[in-house]
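Bear in mind that the values in this text are calculations on the coordinates, not laboratory data. These figures come from a predicted structure and were not determined experimentally. Because the Cβ atoms are built from the backbone with ideal geometry, glycine has one as well, and the counts that use them run over all protein chains shown.
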Amino acid sequence: MVPGLNKLRVAIGSSAAIGLRALAKLPYGPQLIRAAASRPGIERWLRALLCVYQPFPDIDTATKYIRRFIPAGHEHSDVVSQLKQFADVTRESDYPVLFYLSGYAPGLSTVFDLGGGIGNLFYPYDRELRLPATLRWMVHDLPDKEEIVLQFAKSRNEQRVGFSRRMEDASGVDLFIVSGALHYFEDELAVILGRLAELPRLVVVNRTPFSQADPIVTTQVGDGYVHACKLHSLAGTIAGMEAIGYRFVAKWPVHERASRVPLRPDLNDTYWGLFFVLDADRRQLEASR
Ligand SMILES: C[S@@+](CC[C@H](N)C(=O)[O-])C[C@H]1O[C@@H](n2cnc3c(N)ncnc32)[C@H](O)[C@@H]1O
């Protein structure tokens, strides 16, 4: 499709999404949207209108579709420079993590930071928690981030931060953290962790949009970039973690961000954070394997 026409379709989609989100705030608005979306003919028309703002069956399908309209995603320079700025701030939603981690911090020796961006989380956490000098903080992200992570750590004279290309490196780490990134993965958290030879001891999820019902794949559209993302079920994620041996310790709302799926106003919600600890019994079992 010609670029001008693509831009027009995205602009129309944006207006339709704004309209539906405004309608959802009116009395009976959500019911009206659900009733309209339950009629296949109208639903098809609304999806076509919404373009990159429509729901999709899975992340792969969504990514293939949205890239026809907006080529840039996580590698967009604005996204990367914002992550660099985040290294110097402790965001409101970091404080629950700091609270729950503080007792464990002195004993941490390995951290796996899934979707860790440029390694930006390490810096505020280290400022607040004084992480051990021998700590190994492995950032796992898309390949384009490797050089940026390493250069950024070098610019901060930081030896503890490295880049991991392999999810397997998360096996048996003291802390597995996935902040602002779980929704970019098709699989549930328990499935991702369940593939590891040894489960991590502590698991933190932060700044994550979830679904209060069934999972749904949607998009995050920024200025010049778009990401496909999956709102996993919040209850299902917690139940999945408990099923593989974790104790659910806490959840907190992240009011800095909100998810608004235009065709599913019933799923409007804040983002969330979660904290899990591997059960002692389970840990013993893992160690004896
Ligand atoms: C919003 S940033 C989060 C950065 C950091 N964790 C934080 O809380 O500030 C999301 C990160 O997820 C990464 N990401 C997206 N899909 C990924 C994938 N399939 N594998 C690894 N990283 C991915 C992106 O490249 C991006 O750096």
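Does L263 count as out of contact with any Ser or Thr (no Cβ under 8 Å at 6 or more places or on another chain), farther than 29 Å from R34 by Cβ and of a type in the set (A, V, I, L, M)? Explain how you work it out, then say what you get.
Details: out of contact with any Ser or Thr (no Cβ under 8 Å at 6 or more places or on another chain): yes; farther than 29 Å from R34 by Cβ: no; of a type in the set (A, V, I, L, M): yes.
Judged against the criteria, L263 is not a match.
For region 136-145, what are the residues that are surrounded by fewer than 19 Cβ atoms within 10 Å (Cβ to Cβ) and more than 11 Å from the ligand (Cβ to nearest atom)?
Let us first name the residues in region 136-145 that are surrounded by fewer than 19 Cβ atoms within 10 Å (Cβ to Cβ), namely 136, 142-144.
If the condition is that a residue be surrounded by fewer than 19 Cβ atoms within 10 Å (Cβ to Cβ) and more than 11 Å from the ligand (Cβ to nearest atom), then R136 is the only one that fits.
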Counted residues, region 227-240 - those being crowded, with 23+ Cβ neighbours inside 10 Å, more than 11 Å from the ligand (Cβ to nearest atom) and of a type in the set (A, V, I, L, M, F, W, C): 1
Test result for D214, of a type outside the set (S, T, Y) and without any contact (Cβ under 8 Å) to a residue 24 or more places away in the chain: yes
Pairs where the first residue, in region 86-102, is surrounded by fewer than 17 Cβ atoms within 10 Å (Cβ to Cβ) and the second is part of a loop (DSSP other than H, G, I, E, B), C-beta under 8 Å, 6+ apart: L98/T90
From L234, L175, residue being closer than 20 Å to V277 by Cα and within 14 Å of the chain's Cα centre (by Cα): L234
Pair list, Cβ under 7 Å, 6 or more apart: region 105-119 residue within 7 Å of the ligand (Cβ to nearest atom), other residue of a type in the set (D, E): G115/D141; G116/D141; G117/D141
Near pairs, Cβ below 7 angstrom, 6+ apart or cross-chain, from region 165-183 (closer than 24 Å to G236 by Cα) to any residue that is in a helix (DSSP H, G or I) and within 13 Å of the ligand (Cβ to nearest atom): F176/A170
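Considering region 152-182 alone, what residues qualify as being within 15 Å of I118 (Cβ to Cβ), within 13 Å of the ligand (Cβ to nearest atom) and part of a strand (DSSP E or B)? I'd like the intermediate steps shown before the answer.
Our first condition is that a residue be within 15 Å of I118 (Cβ to Cβ); within region 152-182, this holds for 152-156, 158, 160-164, 177, 179-181.
This time we only want the ones that are within 13 Å of the ligand (Cβ to nearest atom), so: 152, 161, 163-164, 177, 179-181.
Within region 152-182, V161, F163, I177, S179 meet the criteria.
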Counted residues, region 184-219 - those being surrounded by 20 or more Cβ atoms within 10 Å (Cβ to Cβ), within 11 Å of the ligand (Cβ to nearest atom) and of a type in the set (A, V, I, L, M): 2
Residue check, Y65 closer than 30 Å to D144 by Cα, surrounded by fewer than 17 Cβ atoms within 10 Å (Cβ to Cβ) and aromatic (F, W, Y): yes
